[in-house]
1. Taking a temperature of 25 °C and a viscosity of 0.890 mPa s, what whole-number D in µm²/s does Stokes-Einstein yield for the stretch 2-212 with Rh from Kirkwood over alpha carbon pairs?
2. Could you sort 109-122, 55-68 so that the peptide with the highest average Cβ count within 10 Å comes first and the rest follow in order?
3. In square angstrom, what is the accessible area per residue of the chain with a 1.4 angstrom probe?
4. By how many nm would the segment from His167 to Arg132 grow when fully extended, if each residue of separation counts as 0.36 nm and the alpha-carbon distance is taken off?
5. Order these peptides, 130-141, 204-215, by their mean beta-carbon neighbour count within 10 angstrom, highest first.
6. Give me the one-decimal nm value for the distance between modelled label points at Ser111 and Asp38, 7 Å along each residue's Cα-to-Cβ direction.
7. Among the listed pairs Lys95/Lys176; Lys14/Lys200; Lys34/Lys95; Lys34/Lys92; Lys14/Lys75, which are separated by more than 24 Å between their Cα atoms?
8. Springs between alpha-carbon pairs under 10 angstrom, Gaussian network model over the chain: which of Arg148, Arg190, Arg166 fluctuates most?
Amino acid sequence: MKFFADTAEIADIKELAATGLLDGVTTNPSLIMKSGRDFIEVTKEICGIVDGPVSAEVVALDHDGMMKEAEKLRKIADNVCIKVPLTIDGLKTCKALTSDGTMVNVTLCFSANQALLAAKAGATFVSPFVGRHDDNGFDGMELISDIRLIFDNYDFGTEILVASVRHGIHVLQAAKIGADVMTAPPAVIRGLVKHVLTDKGIEGFLADWAKTGQTI
Ligand code: G3P
């Protein structure tokens, strides 16, 4: 499963990229707002740090407006992936952009039927929001299983990008289901490495090593 960081914070992206674990980055208008940075500038900087896809979201709601914004965004770098909302205009834009060789991430997906539409529109990625789904009394992971089943039934090449990931259980379940990608805030990705027995083990080994009086 590929790991994307769901952030526009340069320091976090650099740190995660240095681990070799980072396969891409996703941003959205809220994350850009949080970063306090200019959208085009920060997207360009992120694209220079990671080789993989960097999602940059349009804000226009109509097809023509989306195409105009996508035109500007895709000029930023070759690894920009245009993010469009799961609406009729978004799907139309997805079809036009992917037919032209541009990567597209169809976002704000909350049903398996919506994901089916994104795949039919040729999306590179579809982003079901599992955390927000759970928040509203639905089962986010059941949604991922349904989408996996449908995409496998018809051999769709669209990658399932599990978004709105809140904790390690989401990551584990996404991997067990066979999602292609998950995007999570840097703190969630860092948290995956933590285990109390790992820390305890290191502590024990170091204490015994000190008793040997040796150095390496
Ligand atoms: O980038 C889209 C998605 O991951 C948002 O997550 O936590 O705002 O629901 P969240």
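The values are calculated or read from the model by the stated rules, or taken from the named source; none is laboratory data. All values derive from a computational prediction rather than experimental measurement. Note: ideal-geometry Cβ built from the backbone for every residue, glycine included; neighbour counts use all protein chains shown. Remember, those area values only see protein heavy atoms, side chains included, never the ligands or the DNA or RNA. Shrake-Rupley method; radii C 1.70, N 1.55, O 1.52, S 1.80 Å.
1. 137 µm²/s
2. Working: 109-122: 20.0, 55-68: 18.1.
Highest-to-lowest ranking by the protection proxy: 109-122, 55-68.
3. Numbers: 11200 Å² over 216 residues.
Averaged over the residues of the chain, the accessible area is 52 Å².
4. 11.3 nm
5. 130-141, 204-215
6. That separation, rounded to one decimal, is 4.2 nm.
7. Working: Lys95/Lys176 30 Å; Lys14/Lys200 29 Å; Lys34/Lys95 30 Å; Lys34/Lys92 29 Å; Lys14/Lys75 22 Å.
Checking Cα-Cα distances, Lys95/Lys176; Lys14/Lys200; Lys34/Lys95; Lys34/Lys92 exceed 24 Å.
8. Arg190
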